[in-house]
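For reference, the structure is listed below as structure tokens.
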Amino acid sequence: MDREKIVGIAVIFMFLLLGLGVLNIEVIQSRQYRELSNKNCLRLIPQVGARGIIFDSEGDIIVDNKLSYDVMLLPQNTKQPTQVLNSVSGILGASPDNLKKAFNEGFIAPSVPITIAKNIDIKKAIALEELKLDLPGIIIQPRPQRRYPYGKLASHVLGYVNEIDRWRLTKLEDYGYKTKDIVGFGGVEEKYDYYLRQEEGGLSVEVDHQGRFMRVLGFKPPRNGKDMQLTLNIKIQKIVEDMLRDRKGCVVLMDPFSGEIVAMASSPDFNPAVFVDKASSSILDLFNDSRSPLINRAISATYPAGSVFKVIVAAAALETGKINLHTTFLCQGGTLVGNKEFACWNKHGEQDLTAAITHSCNVFFYKTGLMVGPQSIHDYAVKFGLSKPTSIDLPYEAAGLISSPLWQKIHKFRNWFPGDTANFSIGQGDVLVSPLQMARVYAVFANKGYLVKPYVVKAIESKDISADQREIEKVPLKNSTIDYIRQGLRNVVSNTGGTGNVLSTLPVSVAGKTGTAQAPNGQPHAWFAGFFPYKNPRFVICVFLERGGPGYLSCVLAKEIIQEMSVQGLI
């Protein structure tokens, strides 16, 4: 075969292959390539909505949004992006190299704007707008950003917002969350993120084969998040936080009949705006702070209860018939349990239950607890809602711990002894409670027998959800038990020898119980839990000072809070 025939056959074969390729593209795979072509000529430019606004119980705004401004460059509208970036850098006070890096890293197509600077102030935004004719391709994009008019106020109840992390993304991806989304962390921002978060909209545009804009195909407007009203009274919240400032601890004020949280403060606190401003050094300081300012001590931390636990022992003793209104024990400053002396903080003499609550007599409760027994004390503590979360609508609530002989056998591999019961009877040993749990316990005596579920969200998008939030259950206590303990709690304040007598000078009648809870390696924790006004309670209060010393100091703080509430006409 000569050379011309070989070349001819080769040419025919090549054209045959080319024809088959065209047939494959134009006929066999035409649908697939048509779809790819259509997708290639479409671009989606996102439009951002605003997160829902948060109000207090009186309708005052406590979290809203401010307009932030991002600077974007549309590549197809400028032939000399480097020159434009150099000009913009002077106005923004940014390095031209950083702007060029942002431009190069963000480039997708000529029709897709590239963000070169975020969160510029209004003055710079106006300056750029005035020079837009000289800066082809520059776009000033308004973007809603979280704003906290009261700064740190109620930070633990509110939480903060930040870019979604990998852990949350893996859990929420199926619900429409995606990388770079701004979501809530802690507080109602996290618990109610689904309601508060906005829905992104966008422009659908057609571009040519070079990626240049041709026409708008459609527009989906962004949707703002749902507004929310809390049960917090921001005026009372401010009083509480002002009084608590610079101390380590927390304060809870709650409606004893509904469970609405009127105020909840934890100290030290933090400023949620730090996470909006992206001040990396300040954020790092928060996470590295040994005082743990991001922890809500009212719900997420647990502590030994100390003497505020004694009302549960009293209720168990009266309900089981181990003591009655006339039972007395002699306090000579201590009592022998087994071969060990258990001390009282004073010599109180002959004490009945009312006097023992009034004077916080340990000896009375040592002996009462030994008569009742640890299992009954445990069971009544559980009836008062301890050893389990209160189910408040905030994340990261701790359950606490109420020990029992079985628990100790399983977890500590040792038997329960009378000395354990003595400790248990005054809220020491393996007894861990949160301040919110103790507020809930004392609400039972304020409302005369009902355990309420605390909550902080009152309405969503103007729809009152209070009825759905409320869960109230009867605690199996006789009226006489409640009345007798209530009187003891009132005497704590009204009697000159009562441990909370410092509260007696207030213009409103207060009932409650002090507690000094021993803690290892340092000062004890200071407690006060009670309610006011005594006859017609409107508020339950729990004041806790971590390593704060004797319970008297919590009483002093409670007095300052109640006094200021009275001055401002909030009681």
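What to note about this one:
- Residues of region 461-498 that are more than 33 Å from the chain's Cα centre (by Cα), hydroxyl-bearing (S, T, Y) and under 27 Å from L570 (Cα atoms): S494 alone.
- Unmet criterion (only one of (1) assigned to a strand (DSSP E or B); (2) in contact with a helix residue (DSSP H, G or I) (Cβ under 8 Å, 6 or more places away or on another chain)) for L99: (1)
- D464 falls short on exactly one of the conditions (1) closer than 22 Å to Q563 by Cβ; (2) touching a strand residue (DSSP E or B) at 6+ places or on another chain (Cβ under 8 Å), and that condition is (1).
- Residue match in region 144-163 (condition: farther than 21 Å from M254 by Cα and free of Cβ contacts under 8 Å to residues at least 60 places away in the same chain): yes
- Among the residues of this structure, H359 counts as one that is in the same structural domain as K409 (by TED's automatic domain parsing), of a type outside the set (S, T, Y) and modelled with pLDDT of 95 or more.
- Taken as a whole, the structure places Y396 among residues that are assigned to a loop (DSSP other than H, G, I, E, B) and either outside the structural domain of A511 (by TED's automatic domain parsing) or touching a residue at least 24 places away in the same chain (Cβ under 8 Å) (or both).
- Residues satisfying the stated conditions in region 142-161, i.e. under 21 Å from V457 (Cβ atoms) and outside any loop (DSSP other than H, G, I, E, B): R146, R147, S155, H156, V157, L158, Y160, V161
- If the condition is being among the hydrophobic types (A, V, I, L, M, F, W, C) and touching a Gly at 6+ places or on another chain (Cβ under 6 Å), then region 306-329 contributes V308, F309, V313.
- Scanning region 255-283 for residues that are under 19 Å from the mean Cα position of the chain (by Cα) and either more than 27 Å from T231 (Cβ to Cβ) or not hydrophobic (A, V, I, L, M, F, W, C) (or both) gives G259, E260, S266, S267, P268, D269, N271, P272, I283.
- Listed by first and then second residue, the pairs with beta-carbon distance under 7 Å, at least 6 apart or on different chains, first residue in region 73-96 and in the same structural domain as K132 (by TED's automatic domain parsing), second of a type outside the set (D, E, K, R) and surrounded by fewer than 12 Cβ atoms within 10 Å (Cβ to Cβ), are S89/S95.
- Extreme residue, nearest to the chain's Cα centre (by Cα), among residues of region 399-412 that are small (G, A, S) and crowded, with 19+ Cβ neighbours inside 10 Å: G400
- The set of residues in region 162-187 being among the hydrophobic types (A, V, I, L, M, F, W, C) and touching a strand residue (DSSP E or B) at 6+ places or on another chain (Cβ under 6 Å) consists of I164, I182, F185.
- Candidate set from region 284-307 (those that are of a type in the set (D, E, K, R) and part of a loop (DSSP other than H, G, I, E, B)); member that is nearest to the chain's Cα centre (by Cα): R297
- Here G338 passes the criteria (1) at pLDDT below 95; (2) within 29 Å of N495 (Cα to Cα); (3) of a type in the set (G, A, S) except the one numbered (2).
- Residue match in region 250-261 (condition: aliphatic (A, V, I, L, M), under 24 Å from D430 (Cα atoms) and either crowded, with 18+ Cβ neighbours inside 10 Å or not assigned by TED's automatic domain parsing to the domain that holds D121 (or both)): yes
- Filtered residue count, region 308-355, keeping only those that are loosely packed, with under 13 Cβ neighbours inside 10 Å and in a loop (DSSP other than H, G, I, E, B): 8
- Selection count where residues are surrounded by 18 or more Cβ atoms within 10 Å (Cβ to Cβ) and either among the β-branched types (V, I, T) or in contact with a Phe, Trp or Tyr (Cβ under 8 Å, 6 or more places away or on another chain) (or both), scope region 88-109: 2
- The residues of region 232-258 that are closer than 21 Å to S434 by Cβ and not hydrophobic (A, V, I, L, M, F, W, C), listed by number, are Q237, E241, R247, K248, G249, D255, P256, S258.
- When I139, I108, I91, I116 are checked against the criterion of being assigned to a helix (DSSP H, G or I) and either modelled with pLDDT under 85 or among the aliphatic types (A, V, I, L, M) (or both), I91 stands alone in meeting it.
- Counted residues, region 164-197 - those being surrounded by fewer than 22 Cβ atoms within 10 Å (Cβ to Cβ), in contact (Cβ under 8 Å) with a residue 60 or more places away in the chain and touching a helix residue (DSSP H, G or I) at 6+ places or on another chain (Cβ under 8 Å): 1
- Restricting the first member to region 546-570 and to residues that are closer than 23 Å to I295 by Cα, and the second to residues that are polar (S, T, N, Q) and surrounded by fewer than 17 Cβ atoms within 10 Å (Cβ to Cβ), the beta-carbon pairs closer than 8 Å and six or more apart or on different chains are R547/Q523; G548/Q523; G549/Q523.
- Residues (among the polar types (S, T, N, Q) and either within 30 Å of D468 (Cα to Cα) or crowded, with 22+ Cβ neighbours inside 10 Å (or both)) located in region 356-392: T358, S360, N362, T368, S387, T390, S391
- V262 vs. criteria assigned to a helix (DSSP H, G or I), in contact (Cβ under 8 Å) with a residue 24 or more places away in the chain and within 16 Å of G530 (Cα to Cα): no
- Residue in region 371-386 that is assigned to a loop (DSSP other than H, G, I, E, B), under 29 Å from the mean Cα position of the chain (by Cα), of a type outside the set (A, V, I, L, M) and closer than 16 Å to P304 by Cβ present: no
- Taken together, the residues in region 444-488 that are surrounded by 12 or more Cβ atoms within 10 Å (Cβ to Cβ), in contact with a helix residue (DSSP H, G or I) (Cβ under 7 Å, 6 or more places away or on another chain) and of a type outside the set (K, R) amount to 18.
- Residue in region 428-435 that is free of Cβ contacts under 8 Å to residues at least 40 places away in the same chain and hydroxyl-bearing (S, T, Y) present: no
The values are calculated or read from the model by the stated rules, or taken from the named source; none is laboratory data. Since this is a predicted model, take the numbers as computed values, not measurements. Neighbour counts are summed over all protein chains in view; Cβ atoms, including those assigned to glycine, are modelled from backbone coordinates with ideal geometry.
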